[in-house]
Amino acid sequence: MRPFHLAFPVYNLEKTREFYTKILGCNEGRSSDRWIDFDMYGHQVVAHLVDALVSVETNPVDGDNVPASHFGVILEMEQWIQLSKNLTSLDIQFIIEPHIRFKGEPGEQATMFFLDPCGNALEFKAFNDDTQIFATN
């Protein structure tokens, strides 16, 4: 499988650099005064400097108000547990606390949502059974 590429807007490159490298543990790639490449679990995500961000709309999903615009990575369960513990110990404020969604149903998953310093919503999730990633009802 090939890595994906995702670009997202930020209004402060230095806060973004610190968050993605120090909090999430991403390696930094190429950069300029207007953008930064990050290696997020083998995927290329790029922060692009903008003047302003729009508000985040949400949709209800299994009892949570999920930001309609978000991105993240599907981790191995042990990686997800470790990241959850690390973020909690760093007092990261969660939009949606780490928990199991769709418990006992197709697509059961561990999930958590939080914001980067510029207000971009991130979701990291994990499945005990990766065949459930694209499960249907």
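Read-outs throughout are calculated quantities, based only on the coordinates presented, and are distinct from any laboratory measurement. A quick note: this is a predicted structure, and the numbers were derived from the prediction, not measured. No Cβ is skipped: glycine too gets one built from the backbone with ideal geometry, and neighbour counts run over all protein chains shown.
Length gained on full extension, residue 34 to residue 56: 5.7 nm, using 0.36 nm per residue less the C-alpha separation. Each label was represented as a point 7 Å from its Cα along the Cα-to-Cβ direction; for residue 99 and residue 41 these points are 2.1 nm apart.
In region 58-132, one over the average inverse separation of all distinct C-alpha pairs is 12.7 Å, which is the Kirkwood hydrodynamic radius. Specify whether the C-alpha gyration tensor of region 5-49 places it in the rounded, prolate or oblate class, a ≥ b ≥ c being the square roots of the eigenvalues: rounded for a/c under 1.5, otherwise prolate if a/b is larger than b/c and oblate if not. Oblate, because a/c is 1.5 or more while a/b does not exceed b/c. The 3J(HN,Hα) values that the Karplus relation (6.51, -1.76, 1.60; θ = phi - 60°) gives for region 31-45 are, in residue order, 7, 9, 7, 10, 7, 9, 8, 10, 9, 9, 6, x, 10, 8, 10 Hz. Gly and Pro appear as x. Each label point was placed 7 Å from the Cα along the Cα-to-Cβ direction; for residue 21 and residue 69 their separation is 2.6 nm.
Pairs of lysines in the chain whose Cα atoms sit within less than 21 Å of one another amount to 5, provided the residues are eight or more positions apart or on different chains.
A compact globular protein would have a Cα radius of gyration near 2.2 N^0.38 Å; the ratio found for the chain is 1.06.
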